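Data block below; observations after.
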Amino acid sequence: MELVDTRDMVWVHGAIRGEFERLRANLPAFARGNDPAWERYRGHWELMHGFLLEHHTGEDALLWPLLRERLPDRIDLIDHMEEEHQVVHQLLEDLNEQIHALDELRHGNGDASNGDASNADLHNALAACDATFADFNAATIRHLEDEEQQLLPAIPGALTPQEWARLPQQATEILGEEASVKVLGYVLKWMPEADRPSMLATLPPEVIANWEATAADEFASYDASLEAIAP
Ligand SMILES: [Fe+2]
Ligand SMILES: [Fe+2]
């Protein structure tokens with residue numbers, strides 16, 4: 001039987017790790033920035049929020065039920081994965097609410113870069129976000145590491161390559177075309193350069209053609225617009 005190559009899961013995890021760390025580091029500067037900068041940050045937060053939810057939804061629907069049938073002696077491990085997803089989701093939603101509150105604070109105060117009162121409110125809201133971000137990133141990294149170290153080695157032999165391939169197929173269906181192309185950009189950005197040819201070889205020809213024709217350049221300017229700005 002052809003065995004599943006699970007490296008693509010690790011590449012996806014690399015994008016999640018890298019971009020949520022960057023979102024945490026850049027939040028203060030963007031929250032104190034002008035409206036276009038804040039809108040770029042908000043857009044990227046929405047993208048990554050949707051990406052993480054999609055990644056977990058795919059695993060919840062397409063991995064855990066099958067693995068419960070095929071790996072009856074690893075039920076504890078699958079329970080542990082599901083529990084970690086719940087912890088990560090709670091923190092993700094807490095953070096999402098705090099970022100929306102920050103948005104309301106900015107709108108309520110007009111130009112957030114002016115005025116002592118708005119600065120004090122922003123300072124407090126940013127401190128609250130950063131504390132949740134720290135917990136969220138720690139819980140997420142812990143989960144991704146557990147999945148990579150404990151779960152992925154059990155996949156080959158338990159699932160067929162066709163069953164495994166449902167994950168990226170469903171990801172595209174859930175995310176839609178525009179977000180999928182950005183997510184592809186982030187997977188390529190954070191994965192080891194030496195593995196990029198084998199990653200690209202797994203994609204449908206029309207996706208590669210689109211990436212090479214226009215999407216790679218569009219992604220590069222999107223990503224550059226999220227680089228750190230001076231507060
Ligand atoms: Fe995963
Ligand atoms: Fe997971």
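Laboratory data are not the source of any read-out in this text; all were calculated from the coordinates shown. Treat the numbers as computed from the prediction; the structure is a model and nothing was measured. Positions of Cβ are backbone-derived with ideal geometry, glycine not excepted, and every protein chain shown enters the neighbour counts.
Looking at the structure I just gave you, is residue 214 in contact with a helix residue (DSSP H, G or I) (Cβ under 9 Å, 6 or more places away or on another chain), surrounded by fewer than 17 Cβ atoms within 10 Å (Cβ to Cβ) and either assigned to a strand (DSSP E or B) or hydroxyl-bearing (Ser, Thr, Tyr) (or both)?
Details: in contact with a helix residue (DSSP H, G or I) (Cβ under 9 Å, 6 or more places away or on another chain): no; surrounded by fewer than 17 Cβ atoms within 10 Å (Cβ to Cβ): yes; either assigned to a strand (DSSP E or B) or hydroxyl-bearing (Ser, Thr, Tyr) (or both): yes.
When the stated conditions are applied, residue 214 does not pass them.
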For this session: For residue 60, indicate whether it is farther than 22 Å from residue 133 by Cβ, over 12 Å from the mean Cα position of the chain (by Cα) and either away from ligand 1 (no atom under 16 Å from the Cβ) or of a type in the set (Lys, Arg) (or both).
Result: no
Exercise. Could you count how many residues in the stretch 176-194 are surrounded by 11 or more Cβ atoms within 10 Å (Cβ to Cβ) and farther than 22 Å from residue 52 by Cα?
Worked result: 0
Problem set entry | Complete set of residues in the stretch 38-73 that are of a type in the set (A, V, I, L, M, F, W, C), within 11 Å of ligand 2 (Cβ to nearest atom) and over 20 Å from residue 21 (Cβ atoms) | 63, 64
For this session: Inspect all residues belonging to the stretch 23-37 and state whether any of them is within 15 Å of the chain's Cα centre (by Cα), away from ligand 2 (no atom under 16 Å from the Cβ) and not hydrophobic (A, V, I, L, M, F, W, C).
Result: yes
